[in-house]
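Colleague: The structure follows.
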Amino acid sequence: MATGTSELEAALLGSGAPWGVAFAAVSPAMQSFARLLADAAQHPVPVLLIGEAGTGKSTFARALHAVSSRAARPFVTVDCTSVVEDLSIPARNAHRGTLFLHEVAELPLAVQATALKLLQDSHPLRVRLVASTRHDLDAEMAAGRFRKDLFYRLNVLRLTIPALREVREDVPLILDAFLAAFAAELRTEVKVLSDETREALCAYDWPGNVRELRNCVEYLYNTVEAELVLRENLPPEIVAGASPRPPPAPTNAAMPPTVAPGGLEAVERQFLASSMQRLGGKPAEVAKVLGISRSTMYRKLKKHGLI
């Protein structure tokens, strides 16, 4: 194999967006994807990139082109979410290069027919076709919204990009890369995250994937003047999404509670101790979950000898 993941990483870092950190990932899933993408770059057959919104499908398509034998030739993107009526012009513009159909499942059925013809007649143009989608194409075909013959033409090398929640061990690495990238871009000091801030960011599910993480870091650089970023500086939806859930309510309120030896005082102490342990020994977090003030929480903890 002439090309490896190091070349792919370099291509990503040079693409204008600091997403190349994904190829410095420690997760087995992302490392496996990087190897498959590097291998796919060496073959002229169509590639289908599957991934949720924000996983970097366009960036990976550009990287694939950049490390292929067609790197010096055009890379032409067709945004299939826009009005697309004719693919012949972008195909001619991509002559000997790569034609990227972004979100191909959004193509109207009539245009899908022209895409199929383009695939059948692509040899004279010598176009390398790469397509991407966030949709389940099997479901789209079953619903009659995507042509089966076009799917079979595209589905030669099918690569799935892991969602960020599936590679949580990569979040700290990607986060630090974005912090450094924005500091360099804005010519300022790299912001420092408090432990609570970093914990919240790592606990969040990131439904918008790497794009959402990037936007979050950009938000912090534009809204936090201090060098230290606190948990309360995070966007509200991230704080809410990362907050621990309160303990479930009893399922049968009619049953009398079982009181531990020592009476209700012992029950309260045991509950506070377990809550402190579960929430990392942070009284403020425990107070938030229990819906009481911090002063009340500290008074109870002091009363029970827990601080």
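The values are calculated or read from the model by the stated rules, or taken from the named source; none is laboratory data. Fair warning: this is a prediction, and the values are worked out from it, not measured in the lab. Heads up, the Cβs are rebuilt from the backbone with ideal geometry, glycines too, and the neighbour counts pull from every protein chain shown.
Colleague: Testing Glu189 on (1) under 22 Å from the mean Cα position of the chain (by Cα); (2) within 30 Å of Ala284 (Cα to Cα), one condition comes back false. Which one is that?
Modeller: The one condition Glu189 does not meet is (1).
Conditions (1) within 15 Å of Val45 (Cα to Cα); (2) not in a helix (DSSP H, G or I), marked per residue:
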position	(1), (2)
Arg70	yes, yes
Val76	no, yes
Val83	no, yes
Asp86	no, yes
Leu99	yes, yes
Leu116	yes, no
Leu119	yes, no
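Colleague: Still on this model: Taking Ala200 as the residue in question, decide whether it is of a type in the set (A, V, I, L, M) and either crowded, with 17+ Cβ neighbours inside 10 Å or modelled with pLDDT of 95 or more (or both). Write out each step before concluding.
Modeller: Numbers: of a type in the set (A, V, I, L, M): yes; either crowded, with 17+ Cβ neighbours inside 10 Å or modelled with pLDDT of 95 or more (or both): yes.
Taking the combined requirement at face value, the residue satisfies it.
Colleague: Could you figure out which of (1) within 30 Å of Val217 (Cα to Cα); (2) among the hydrophobic types (A, V, I, L, M, F, W, C); (3) crowded, with 18+ Cβ neighbours inside 10 Å isn't true of Ala115?
Modeller: (1)
Colleague: Looking at Asp195, is it acidic (Asp, Glu), surrounded by fewer than 19 Cβ atoms within 10 Å (Cβ to Cβ) and in contact with a Leu (Cβ under 7 Å, 6 or more places away or on another chain)?
Modeller: Numbers: acidic (Asp, Glu): yes; surrounded by fewer than 19 Cβ atoms within 10 Å (Cβ to Cβ): yes; in contact with a Leu (Cβ under 7 Å, 6 or more places away or on another chain): no.
Judged against the criteria, Asp195 is not a match.
Colleague: Here's a follow-up. Just need a number here: residues in segment 24-58 that are in contact with a helix residue (DSSP H, G or I) (Cβ under 6 Å, 6 or more places away or on another chain) and over 18 Å from Glu166 (Cβ atoms).
Modeller: 5
Colleague: Ser58 passes all but one of (1) at pLDDT 90 or above; (2) buried (at least 22 other Cβ atoms within 10 Å of the Cβ); which number fails?
Modeller: (2)
Colleague: Also, quick follow-up: Answer yes or no: is there a residue in segment 40-58 that is charged (D, E, K, R) and closer than 18 Å to Val156 by Cα.
Modeller: yes
Colleague: Please return the ranges of helices (runs of 4 or more DSSP H) entirely within segment 130-194 where 1 or more residues are free of Cβ contacts under 8 Å to residues at least 24 places away in the same chain and in the same structural domain as Gly54 (by TED's automatic domain parsing). Before you say what the answer is, go through the steps one by one.
Modeller: Details: elements: 137-142, 148-154, 171-186.
Result: 137-142, 148-154.
Colleague: Further question on the same structure: Sort through Ala253, Ala226, Ala266 and tell me the only one that's loosely packed, with under 11 Cβ neighbours inside 10 Å and either modelled with pLDDT under 75 or part of a helix (DSSP H, G or I) (or both). Walk me through it before giving the result.
Modeller: Numbers: Ala226 fails: either modelled with pLDDT under 75 or part of a helix (DSSP H, G or I) (or both); Ala266 fails: loosely packed, with under 11 Cβ neighbours inside 10 Å.
Just a single option satisfies the conditions, and that option is Ala253.
Colleague: I've got another one for you. Would you check if there is a residue in segment 159-178 being over 28 Å from Leu48 (Cα atoms) and either among the hydrophobic types (A, V, I, L, M, F, W, C) or surrounded by 14 or more Cβ atoms within 10 Å (Cβ to Cβ) (or both)?
Modeller: Kept after step one, since they are over 28 Å from Leu48 (Cα atoms), are these residues of segment 159-178: 172, 176.
Narrowing further to those that are either among the hydrophobic types (A, V, I, L, M, F, W, C) or surrounded by 14 or more Cβ atoms within 10 Å (Cβ to Cβ) (or both): 172, 176.
Scanning segment 159-178, I find at least one residue that is over 28 Å from Leu48 (Cα atoms) and either among the hydrophobic types (A, V, I, L, M, F, W, C) or surrounded by 14 or more Cβ atoms within 10 Å (Cβ to Cβ) (or both), so the answer is yes.
Colleague: Still on this structure: Just to be sure I understand, how many residues within segment 29-55 are surrounded by fewer than 18 Cβ atoms within 10 Å (Cβ to Cβ), hydrophobic (A, V, I, L, M, F, W, C) and more than 15 Å from the chain's Cα centre (by Cα)?
Modeller: Residues in segment 29-55 being surrounded by fewer than 18 Cβ atoms within 10 Å (Cβ to Cβ), hydrophobic (A, V, I, L, M, F, W, C) and more than 15 Å from the chain's Cα centre (by Cα): 2 in total.
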